[in-house]
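The values are calculated or read from the model by the stated rules, or taken from the named source; none is laboratory data. All values reported here derive from a predicted model rather than from experimental measurement. Note that we place each Cβ from the backbone using ideal geometry, even for glycine, and neighbour counts take in every protein chain shown.
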Amino acid sequence: MKTRKPSGWSGHAACRDADPELFFPITWEGRPGPAADEARRICQACPVRRACLDWALGTGEPDGMWGGTTPAERRRLRARQLA
């Protein structure tokens, strides 16, 4: 079983000093909204974006913005990987 704690790559993440509310809002129901757009902009410039997304997909992370993806987007990606 994979660990739930991100490894060394997280220390290089562009979001490490950002407001956690951008990446972990109360809900993602409906359109994610402006906070998700801001989080996605931060993710786009992140040097460890792929490692972040791979970690979230590999662990089944159900919450937050990881690697520029919302929980619903990661569910779709995982479903495609399993197909």
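Cβ-Cβ contacts under 8 Å between residues 6 or more apart (or on different chains), taken from a first residue in segment 36-63 that is assigned to a helix (DSSP H, G or I) to a second residue that is β-branched (Val, Ile, Thr), are listed as ALA36/THR70; LEU53/THR69; ALA56/THR69; THR59/THR3. In segment 45-59, the residue that is nearest to GLU21 (Cα to Cα) out of those that are surrounded by fewer than 16 Cβ atoms within 10 Å (Cβ to Cβ) and over 11 Å from the mean Cα position of the chain (by Cα) is ALA45. Restricting attention to segment 10-41, the residues that are modelled with pLDDT under 90 and among the hydrophobic types (A, V, I, L, M, F, W, C) total 6.
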